[in-house]
1. Can you pull out the helices (runs of 4 or more DSSP H) entirely within region 76-122 that have at least 2 residues that are touching a residue at least 12 places away in the same chain (Cβ under 8 Å) and more than 23 Å from residue 27 (Cβ to Cβ)?
2. Can we say residue 75 is surrounded by 14 or more Cβ atoms within 10 Å (Cβ to Cβ) and on the phi < 0 side of the Ramachandran plot?
């Protein structure tokens, strides 16, 4: 396997780690309706959401590790545009694990991001 292929695999792994980190932080943060409930949310995170938040932060560290490994194998001019795969992964993870709705306009935007990523990677 070439160094470039391994670099691409690390970018995909970083995107997945980032997506799950975002989902974990969202799960740990819970919901806050307005600014008055921010302190209630902070107390809730301290009581119940700290494990999700800790998992999110740990996954961001994993993300940084994969990103660093990818940069060792790819030029920044190729790696940075491929980082947009993280946006696609976040949308998919939010849909599957958080039950968030993704409009058809956003699906089209995700398709454009993927098309751009393919063009950059080619």
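1. In region 76-122, the matching helices (runs of 4 or more DSSP H) lie at 76-82, 104-121.
2. Considered against the rule, which asks whether it is surrounded by 14 or more Cβ atoms within 10 Å (Cβ to Cβ) and on the phi < 0 side of the Ramachandran plot, residue 75 comes out as no.
The numbers here are math on the coordinates, done by the rules we state, and not lab data. Since this is a predicted model, take the numbers as computed values, not measurements. So basically every Cβ, Gly included, is an ideal-geometry build from the backbone, and we count neighbours across all protein chains shown.
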